[in-house]
Each structure stands twice: as C-alpha cells, then as structure tokens.
Amino acid sequence: MSREWVASVSRDRRFGGVRWDRRIEVPVVTLDDLIARHGPPAFCKIDVEGFETEVLRGLSRPLHALSFEYLPAAHDAAVSALDQVERLGGTRGYEYNYSPVETMRFASSWLDRAGLQRLLEQRFRPLGRSGDVYARARLL
C-alpha cells in the first residue's frame, strides 16, 4: 500500500527477485476500530510492508506494547513510524528496543527514542540488518 516503500526496498539487492506486479483489494480498518470491537491488546505487531505510519495514524491512544518492522532500505519509513509512536505516547511515553533479523533477542537495554534511532543508524543500518522495533509504555 506504500509506493514509496516499494521504491526504496526495490533498490536493495535482497529484494532483487521480488516483483510488485499485481494488485489485490483488501478491507482496511483502523486500530481504533479493532479496539472498539475487541478491546485493547496487550501487544500489537504491525507488519504491513511500509504502511506502518498510516496504521499508527489510525490509533488515537497509546498501546501498552507494540512492534513494527525495520528495513535499512526503508529507514525513513521506520523513523516516520517511530515519530508516530512517540506522539502517541503522550506524557507517559515509550521506551524502545530492537531485535535484529529473526533472533528474537533484544540488541540492547531499553532506550529512549533518540537512543534507538542512534542504534539503528550507527549499528544496524550500515550492516543492512533488518529486524523489529519494540515499544513499551513507560511505567509511572
């Protein structure tokens, strides 16, 4: 659903064999709509191939915990999603971590937003290592 994301990852050699040559229509609902129907989740994994910021814009309140995919080739899209998560956090805010590739292990201790962005830009983006960003609400 994001032409910009497709354009950015298509330049990455790891996506060289991927063809984005067909369209399908799918129903779309907001996270607010899902919460109204099912209640707030304990954890929400957002994996929508570059549409993370738009998904997060469909959320009007912070969640306890969430994650979204990070691809170095689409670094700016991940930073945009991170900005949106930070706005959702309000005064309580979030703390962040990162799990490279499919390791299911955190790369560091929990960080503030600036610390996570430095970790991604200085350690994982240069290596081309994708993974998942995790956010959890700060305890009061």
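Each residue of region 74-80 was assigned a 3J(HN,Hα) from its phi angle through the Karplus curve 6.51 cos²θ - 1.76 cosθ + 1.60 (θ = phi - 60°); the sequence is 10, 3, 4, 5, 5, 5, 4 Hz, with glycine and proline shown as x. Mean projection of the Cα convex hull over all viewing directions, computed for region 81-140: 4.1 nm². Taking the Cα centre of the chain as reference, the dipole from Cβ charges on Lys and Arg (+1) and Asp and Glu (-1) amounts to some 260 debye.
P(r) tail, the chain: Cα-Cα pairs separated by more than 20 Å, 48% of all pairs. Label zone (ARG136, point 7 Å along Cα-to-C-beta; backbone nitrogen cut-off 20 Å) within region 30-60: 40-47.
Each value in this text was obtained by applying a stated rule to the coordinates, not by laboratory testing. All of these numbers come straight from a predicted model, not from anything done at the bench. Note: ideal-geometry Cβ built from the backbone for every residue, glycine included; neighbour counts use all protein chains shown.
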